[in-house]
1. If only one of R66, R56 is on the phi > 0 side of the Ramachandran plot, assigned to a loop (DSSP other than H, G, I, E, B), modelled with pLDDT under 85 and among the basic types (K, R), which one is it?
2. List, please: which pairs have Cβ atoms under 8 Å, are six or more places apart or on different chains, and start with a residue in the range 1-25 that is without any contact (Cβ under 8 Å) to a residue 12 or more places away in the chain and end with one that is surrounded by 10 or more Cβ atoms within 10 Å (Cβ to Cβ)?
3. Inside the range 6-41, can you point out the residues that are part of a strand (DSSP E or B) and surrounded by 12 or more Cβ atoms within 10 Å (Cβ to Cβ)?
4. So T53 ticks every box in (1) over 10 Å from the mean Cα position of the chain (by Cα); (2) surrounded by 17 or more Cβ atoms within 10 Å (Cβ to Cβ) but one. Which box is left unticked?
5. When the range 27-52 is examined, which residues are found to be at pLDDT below 80 and under 12 Å from L11 (Cβ atoms)?
6. Condition (residue is β-branched (V, I, T) and within 15 Å of I65 (Cβ to Cβ)) applied to the range 29-37: is it met by at least one residue?
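The values are calculated or read from the model by the stated rules, or taken from the named source; none is laboratory data. Because the structure is a prediction, the values reported are computed rather than measured. Ideal geometry is used to build each Cβ from the backbone, glycine not excepted, and the neighbour counts take in all protein chains shown.
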Amino acid sequence: VPAQHFDAALLSMVLRALRSKDQRRSMLRRAAKSVRPGGLVVVVERTPLESMTDTRFEDGFWTKIRLRPGRLLKSLRGTQ
């Protein structure tokens, strides 16, 4: 996948298929690298993302992969 090529990346029920938290974090990095600056990465999962990656939204991981946790959107149902 070309770096910074897309306006958005969608990971829908993808992270749950990966066995380890390291693999999930790697997938998030790859998705973040594929979008242009200011692009959007959308993650759709039933399990809270923080527990799937062992990464709190305040951690530097998100800014290192060019994602801003302040733009986190939650669905209307199924959130805590």
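1. On the way: R56 fails: on the phi > 0 side of the Ramachandran plot.
Of R66, R56, the one residue that is on the phi > 0 side of the Ramachandran plot, assigned to a loop (DSSP other than H, G, I, E, B), modelled with pLDDT under 85 and among the basic types (K, R) is R66.
2. As it stands, the answer is L18/R24; L18/M27, since those pairs meet every condition given.
3. Step one: of the range 6-41, the residues part of a strand (DSSP E or B) are 6-12, 35-41.
Residues satisfying the conditions are F6, A8, A9, L10, L11, V35, R36, G39, L40, V41.
4. (1)
5. Step one: filter the range 27-52 for residues at pLDDT below 80, giving 46-52.
The answer is L49, M52.
6. Going residue by residue through the range 29-37, those that are β-branched (V, I, T) are 35.
Keeping just the survivors that are within 15 Å of I65 (Cβ to Cβ) gives 35.
Scanning the range 29-37, I find at least one residue that is β-branched (V, I, T) and within 15 Å of I65 (Cβ to Cβ), so the answer is yes.
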